[in-house]
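Below is one structure; the comments refer to it alone.
Bear in mind these aren't lab numbers, they're just calculated from the coordinates by the rules spelled out. Small disclaimer: the values here were computed from a predicted structure and weren't measured. Note: ideal-geometry Cβ built from the backbone for every residue, glycine included; neighbour counts use all protein chains shown.
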Amino acid sequence: MILIDRQRCARCGGCVDVCPEGALTLAEARLVVGRACTDCGSCLSACPMGALHLGGEEAAPAQPSLRRRYDVIVAGAGPGGSVAAETAARAGLSVLLLEKRQEIGSPVRCAEGVGHEALASLITPDPRWIAAEVTRAEITATAGGTTRTLRAEGGRGYILERRVFDRVLAERAAAAGAEVRVKAAVNGLLIEDGRVRGVRVRRNDVGQGPCEVEVEAHIVIAADGVEGQLGRWAGLTAALPLRDTMVCAQYLLAGIEIDPACTSYFIDYSLAPGGYAWVFPKGEGRANVGLGVQADLWRDVAGPRTVLGFLERFIEERPFLARGYPVTLVAGSVPVALPPAHLVADGFMLVGDAARQVDPLTGGGIINAMAAGRLAARTAAEAIGEGDTSASRLACYAEAWHRERGRKMERNYRLRERFAPPSRADERFLQAFALAVG
C-alpha cells in the first residue's frame, strides 16, 4: 500500500505521470491514491520530496533538524511575521521564522492595495513587487435609491504582487540572519507556569503520521493570520463574531480595459451586504476584482447563495469586466473587529491579522501588520536584553500600537457601527472611507 506523508508532499504531480495504472490523482490540495494502485513503487522514484513509501517500509531519512532554542520564534511568514523576524535578527537575536505552507506568499488572499507614504515608511518601494501605481480613487455608494460618487485625486499608491512581495520580505529576514523554514506548522505552544516558552513544530522527516519537535524561545511572536490558533492557545483571543467578519472572493481578471491608475470601490447593500466591491488595476489589461460581505448579513439578502455568486453577478452586470477572463480565484475572510483586550502574555506577542490589526472600514491590513511586526520585534529585543519577557514588560508593544495606529482603528470601528450597512451612502461615511483607503 502506498502511503503519503501529506506534510512533506509538495503536490508536484510527478508521481501521477509515471504511474502505469493511472491510480494517482492530483487534486487541488492533495494527492489521492486510487484502488487501481498495485504497489509497483514507480511513484516512489519520481517523488522529489520523499513523501511516498510502501506500507511496512522505512520512511525517507530525516531532514536537517531545528535547533532546540532561539531567542525569538515567529510563526507565520506573511508581511507582519517577516518584518518581525528581520527586525529581531538585525537586533542581534537568534530568530526562527516558521511558515506552514510550502511557498511564502501563496495563496494570495488580498486585494494587494497600499498607500505610498505608509509603505515607504517601512520599506523602499521596488518595481520588482509593484504591479501598478495608482493616483486616483473613485468611490460609488448606493442606498435608498440614492447614489453618491466621491472622486479622490492626487494620492499615490500601489497594487502589489503579493507573491513576490512576501517572498522578498522573507528573503530580507533570512539575509538579516533569521532561520526560515517552510512546510513547518506550529501545532501547539509550550506553556509552563502560565508562561509561553516555545512551540511544537511538525517536522517533515517521516513517511507516515506527524512528528513533532519542541523548540524553545524567550519570546514567541504569533503572526499566523486570520486562521491562526496561537492566540487562542495563549488565552488571548476567542472565536471571531460573524458581524466582525468579512467573507471575500476575488478574481484576477485579464483582457479588460480600465483606467490603469484608478482604484474603484462600490458600496451597495444589494451588491455586497455590509461590505463593498473593488476593482484594482494591475497593468496590462488586468485587475483584481473582488468583494467582501459581512458574514452575518449576506445569507439574508435576496440573490446569489454564495459570496462567489455575488462576485460573479457584480462582474456580469458590468460589460467592461464581463469581457475579461478569470486567471486566478482567491477567497477567504478578513477580521474587521477591534483587537483583543490583550496583545501579549508572558513570553508571547500577537501581530497582524492574528491580532485583528485590520482597518475595520476597509479590511486593509498589510501596512498595519508590518508596523506591528516591527514594533513587536523591537520590544522583544529590549525585553530579552533586560532579561524580562513578562506580559507587563511586553505591554509597551501594545501601548505603542494603540498610540500609533490603534486609536484610528477604534475610530473607524465606531464609524462602521454608527453607519449601518444600508445607510453607507452618507457623505460622512464616504469621506471617512476615502480617508481610510487613501
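Amide H contacts under 5 Å for Asp268: Thr142, Ala277, restricted to partners 5 or more places along the chain or on a different chain, H placed in the peptide plane at 1.01 Å from N. Going by the alpha-carbon gyration tensor, a ≥ b ≥ c the square roots of its eigenvalues, is the chain rounded (a/c under 1.5) or, if a/c is not under 1.5, prolate (a/b greater than b/c) versus oblate? Here the chain falls in the oblate category.
Protection proxy ranking for 174-182, 72-80, using the average of other Cβ atoms within 10 Å per residue and placing the highest first: 72-80, 174-182. Highest mean packing first, where packing is the average number of other Cβ atoms within 10 Å per residue, the peptides 424-434, 270-280 line up as 270-280, 424-434.
For segment 402-412, the Karplus equation 6.51 cos²θ - 1.76 cosθ + 1.60, evaluated at θ = phi - 60°, returns couplings of 5, 5, 7, 9, x, 4, 5, 5, 4, 5, 5 Hz by residue, with Gly and Pro reported as x. Backbone phi angles across segment 234-247, fed through the Karplus curve with coefficients 6.51, -1.76 and 1.60 (θ = phi - 60°), yield HN-Hα couplings of 8, x, 9, 10, 10, 4, 7, x, 4, 5, 9, 10, 9, 9 Hz in residue order; Gly and Pro are listed as x. Rounded to whole numbers, the Karplus 3J(HN,Hα) couplings from phi for segment 36-44 are 6, 4, 10, 6, 6, x, 4, 5, 4 Hz, using 6.51 cos²θ - 1.76 cosθ + 1.60 with θ = phi - 60°, and x at Gly and Pro. Between Val32 and Arg151, the modelled labels are 5.2 nm apart [label points 7 Å from Cα along Cα→Cβ]. Close amide H contacts of Gly225 (hydrogens built in the peptide plane, cut-off under 5 Å, sequence separation of 5 or more or a different chain): Asp353, Ala354.
Counting only Cβ charges, +1 for Lys and Arg and -1 for Asp and Glu, the dipole size of the chain around its Cα centre is about 540 debye. Straightening the chain between Ser121 and Arg243 buys 40.7 nm, computed as 0.36 nm per residue apart minus the Cα-Cα spacing. Other residues whose C-beta falls under 13 angstrom from the C-beta of Arg313 contribute a net charge of -2, scoring Lys and Arg +1 and Asp and Glu -1. Label-to-label distance, Arg128 versus His402, with points set 7 angstrom from Cα along the beta-carbon direction: 3.9 nm. A cut-off of 5 Å between modelled amide H atoms, ignoring neighbours fewer than 5 places along the same chain, links Arg69 with Glu216.
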